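The values are calculated or read from the model by the stated rules, or taken from the named source; none is laboratory data. Everything quoted here is computed from the prediction, not taken from an experiment. So basically every Cβ, Gly included, is an ideal-geometry build from the backbone, and we count neighbours across all protein chains shown.
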Amino acid sequence: MTMEEIIGGLPAYAKDMKLNYSSLVRQNSELTTQQLWGTIVAAAIATRNAELTAASIAEAEAAGLTPQVIEAVKAAATIMGMNNIYYRFHHLTKNEKYATLPAKLRMNALRGHGVEAVDFELWCLVVSAVNACDKCVDSHEHVLREKGATEELIAAAIRVTSIIHAIGVVIDSEKAAPTPVPVVA
C-alpha cells in the first residue's frame, strides 16, 4: 500500500488528517526533502504501525532518500526507542538517585549515522516526541537550536509527526473496529 492509498482510504472521521497531510506534507516548504521524509519515516516507526512504516519508507525512497539516509532514520528511531524508555523512567520516578547512575547503554548511532547532524537530531526529537520523553525532547531540541535550527523548522517537523502519528492511530483503530460503510438503497 502507498501513502496515497493510506491517505485516500482514511474514514470520514479522519478528514482533518487528510487535509493536514495535504497541506503540511504535500505542500511542505519548511523542511528539506530529506528532513521531511526522514521525519515521516521516523514518526511512522515510532508509531509502530507496520503498514504506515512500509509505505513511508517506500515513499521516502521514491522521493530520493538513499539507503544510507533510511538507515540513519532507522538508527535514530531505534536509539531513541531505547533512550526514551530509560530517560522517561528518570522523570517518572521520584527517586533522584537513578539520574546519578551511569546509563551503561551503547549509543554509537548518535555519532556514526553518516547524515547531516541537524537531520539526525530532528529525527531523534521526532521519536522522542511520539514516545513522550521530556528529557530527550528537551535535550534534542536544545542541540538542534545550538546547531542553527529555528523554532519554525522544529515546529514544522513536530506538526508532520503529529499527523503521521494520528494516521497510525486511525489505521490501528480501523483494524480493531472498522467504521461501518453506509448502505445506499
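Of all residues in the stretch 67-82, those that are within 23 Å of Ala99 (Cβ to Cβ) and in contact with a helix residue (DSSP H, G or I) (Cβ under 6 Å, 6 or more places away or on another chain) total 2. Lys147 meets all of the listed conditions (1) in contact with an Asp or Glu (Cβ under 7 Å, 6 or more places away or on another chain); (2) under 15 Å from Ala44 (Cα atoms) but one, namely (2). Picking from residues in the stretch 55-66 that are free of Cβ contacts under 8 Å to residues at least 40 places away in the same chain and under 20 Å from Ala109 (Cβ atoms), the one that is surrounded by the fewest Cβ atoms within 10 Å (Cβ to Cβ) is Thr66.
Within the option set Leu19, Leu52, Leu10, being hydrophobic (A, V, I, L, M, F, W, C), over 24 Å from Ile85 (Cα atoms) and buried (at least 17 other Cβ atoms within 10 Å of the Cβ) holds for one residue only, Leu10. When Thr78, Thr93 are screened for being closer than 19 Å to Ala157 by Cβ and not acidic (Asp, Glu), only Thr78 passes. In the set (1) in a loop (DSSP other than H, G, I, E, B); (2) touching an Asp or Glu at 6+ places or on another chain (Cβ under 7 Å); (3) under 22 Å from Val118 (Cα atoms), Met1 fails one condition alone, (3). Taken together, the residues in the stretch 21-63 that are touching a helix residue (DSSP H, G or I) at 6+ places or on another chain (Cβ under 6 Å), assigned to a loop (DSSP other than H, G, I, E, B) and at pLDDT 95 or above amount to 3.
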